[in-house]
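Input: a single structure, listed below in C-alpha cells.
The values are calculated or read from the model by the stated rules, or taken from the named source; none is laboratory data. A quick note: this is a predicted structure, and the numbers were derived from the prediction, not measured. Neighbour counts run over all protein chains shown; Cβ positions are idealised from the backbone, glycine included.
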Amino acid sequence: MPVSDYIPVIGLEIHSELLTKSKVFCTCSAEFGGDKNSRCCPVCSGLPGTLPIINQTAVEYAVKAGYALGCSINKFSVFDRKNYFYPDLPKAYQISQLNLPLCINGTVPIDYEENGEKKHKEIRINRIHLEEDAGKLIHDDLNGVSLADYNRCGIPLIEIVTEPDLSSPEEARTLVEKISLLLQYAGVSDCKMEQGSIRCDVNISLMKPTDKEFGTRAEIKNLNSLKSIYRTVEYEIKRQARLLDRGEKIVQETRRFDDNKGETRTMRTKEDAHDYKYFPDPDIRQVNFTDEDLSRIRNSLPEMPYERLEKYTGKLSIPEKEARIIVNNKRLSDLFEDALKCYNNPKSLVNFIIGEIMRRMNLGEIDIEKPMFTAELMAKLVEMSDTEKVTKSDAKEIFREMAEKGGDPEDIAKREGMIIENDTGKVLEVIDSVIAGNEKAVNQYKSGDVKVFGFLMGQCSKALRGAATPKVIKEELEKKLKSLT
C-alpha cells in the first residue's frame, strides 16, 4: 500500500543542556569546550566514595523550562539511577528521573505550512526531567581506537518527552524549532545544535487506519540539526512502509541516521525502561517545592516570544509578518528591544534589521552571536539615515564597516565625507554647472520629456555627495528647471 495510506506515529525526546555555570552534581565548570578531560573531578568522573550535591540553579532552570512549555510542576520530585554500561558513562549509571519527574503534562502549540496549507496543532508534553549528561566518545578510525572525553559528564540536561502526537517530518522539525525558541527566551539553554547543547531522539512507528494499536517503533538517536530531523522522519516512514508492504515485521530497535547517505542504520536492540533497572538514588535528597518557591520561579520568567509578538503587532504597530521574523530569532529580538530604548522608531529599526542585518547574516558576513556592533550604535545609524544626516546608500556602507570592524557610525561617516551638510549655495552652484554641461537633456526636459529629470538628478547627486540630501537637491533642481521653461 502507498506510504500515504499509513498513519505515522511520532514522539520526540529532546535533550537540552542548561546554561548553568557549574555541573549538576559537582562544582566543575559547565562551559562548552576546553582541553580534553580538563573539566572533570572525582564526582563527575565517578570515582568511588564521592557524593553528588545537587545544583539548585539547574533545578530551577528545569522548572522554568516546564513553565515555558505549559507544564505542571510536581512539588515532590525524586532522582533515580539509570543503570547501563557504556564507555562515556564512568559511573556505569546515569542520575536521572523516572516516576517522579520535575514537570508533567505540558502543551506546545505549533503553526506550520505543509503542502501549501497552513496548519495548527497542539503537541502534548508528557514530562520534563532533569538528568546529567554523559561524556563524549571520539572515534579514531585511522588507528582503530576510541577515546573518552569526560568534560561533558555531569552537565545539567533536561529531557523533554512528548506524547506521540506528531505525524509528519514538518511537524517534528517545527516542534523542535519552537521548543528551542521557548527555551532560549526562558533563558535556560542556548540551544546551539552545532555544539550539541540540544539534541533529539525520534521515535517512529506506522499503523494502518484500521489498526487499534500503535505499530512497533524504532528510535533514531542523537539528531543534531533541524534538517537531519526532517530527513530522518521522512526516510524512516518510507523504510517501515516498505517492510510492512513486504509482509515483514518492524523490529523494536535503536537506529542512527547517516547524514551523508540520508538513511538510518541499526545500532542495537531497543531497550525498555525495565532494562535499565531504575532505582531511587540513595545519595540525593528528594526535591520539595512550596507554593512560594514555584511562584517565585514562575515570576522570574522573562518576556516570552508570544508576549513579544503581541506587543510588536499591537502597541508597536509592526506588521505581523515582520514581527514574526524578528521574534523567531531571539538574538535579533533582543537587538531590536535594546535598539528601541535608544531610538524609538520601531518601523525603521525593523526594516533595517530585516533588510540589512539579516541579509548580511544570510551571506555569512555577520555572526549575530558575537556582533561587532552594539544595539546602541545600530540605532544611532538608523536615526542618522532617517534624519538625512547620511543617505540611505551611505548608511549601508557605514554598516558594512561596522559589521566587519566595529566603530561609531558618526565617526565613520565623518572620516569618509558622508555627513550631509545641506549647503544650499553649493547645491545651486552644482545645479548650474550640470545644466550648462547637459544642454541637450535640458532642452528635452523643456520640451516635455520629463524622464530626463532622473539623469540630471543623478548628475547633481553624484557631484553633491555629502553636501545635501536628495530631497534638497530635487527641490532646487525642479525650481531651476521650472524657471527655464
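When region 251-299 is filtered for residues that are within 29 Å of the chain's Cα centre (by Cα), assigned by TED's automatic domain parsing to the domain that holds LEU226 and in contact (Cβ under 8 Å) with a residue 24 or more places away in the chain, the ones remaining, listed by number, are THR254, ARG255, ARG256, PHE257, ASP259, GLY262, GLU263, THR264. Determine whether region 171-187 contains at least one residue that is of a type outside the set (Val, Ile, Thr), touching a residue at least 24 places away in the same chain (Cβ under 8 Å), in a loop (DSSP other than H, G, I, E, B) and at negative phi. No: zero hits. Does LYS482 count as closer than 30 Å to LYS370 by Cβ, part of a helix (DSSP H, G or I) and at pLDDT 85 or above? No; evaluated as a whole, the condition is false for this residue. Here ILE318, ILE354 are screened, and the one residue that is free of Cβ contacts under 8 Å to residues at least 40 places away in the same chain and in contact with a Phe, Trp or Tyr (Cβ under 7 Å, 6 or more places away or on another chain) is ILE318. THR313 meets the conditions (1) free of Cβ contacts under 8 Å to residues at least 12 places away in the same chain; (2) surrounded by fewer than 17 Cβ atoms within 10 Å (Cβ to Cβ) in every case but one. The failed one is (2).
Of LYS380, LYS414, all but one fail to be in contact with a Pro (Cβ under 8 Å, 6 or more places away or on another chain), among the basic types (Lys, Arg) and within 22 Å of ALA467 (Cα to Cα); the exception is LYS380.
Would you say SER348 is in contact with a Ser or Thr (Cβ under 9 Å, 6 or more places away or on another chain), part of a helix (DSSP H, G or I) and not assigned by TED's automatic domain parsing to the domain that holds SER72? It is true that SER348 is in contact with a Ser or Thr (Cβ under 9 Å, 6 or more places away or on another chain), part of a helix (DSSP H, G or I) and not assigned by TED's automatic domain parsing to the domain that holds SER72. Number of residues in region 252-270 that are in a strand (DSSP E or B), farther than 21 Å from PHE214 by Cβ and of a type in the set (D, E, K, R) equals 5.
Among the residues making up region 42-58, those that are within 17 Å of ASN288 (Cβ to Cβ) and surrounded by 20 or more Cβ atoms within 10 Å (Cβ to Cβ) are ASN55, ALA58. The set of residues in region 194-210 that are without any contact (Cβ under 8 Å) to a residue 60 or more places away in the chain and outside any helix (DSSP H, G or I) contains only THR210. Counting just the residues of region 321-351 that are of a type in the set (D, E, K, R) and either under 21 Å from ASP386 (Cα atoms) or touching a residue at least 60 places away in the same chain (Cβ under 8 Å) (or both), which one comes out surrounded by the fewest Cβ atoms within 10 Å (Cβ to Cβ)? In this case the residue turns out to be LYS341.
Scanning region 386-414 for residues that are in a loop (DSSP other than H, G, I, E, B) and among the small types (Gly, Ala, Ser) yields GLY406, GLY407. Which of the residues spanning region 219-251 are of a type in the set (Val, Ile, Thr) and either part of a helix (DSSP H, G or I) or touching a Leu at 6+ places or on another chain (Cβ under 7 Å) (or both)? Within region 219-251, ILE229, THR232, VAL233, ILE237, ILE250 meet the criteria.
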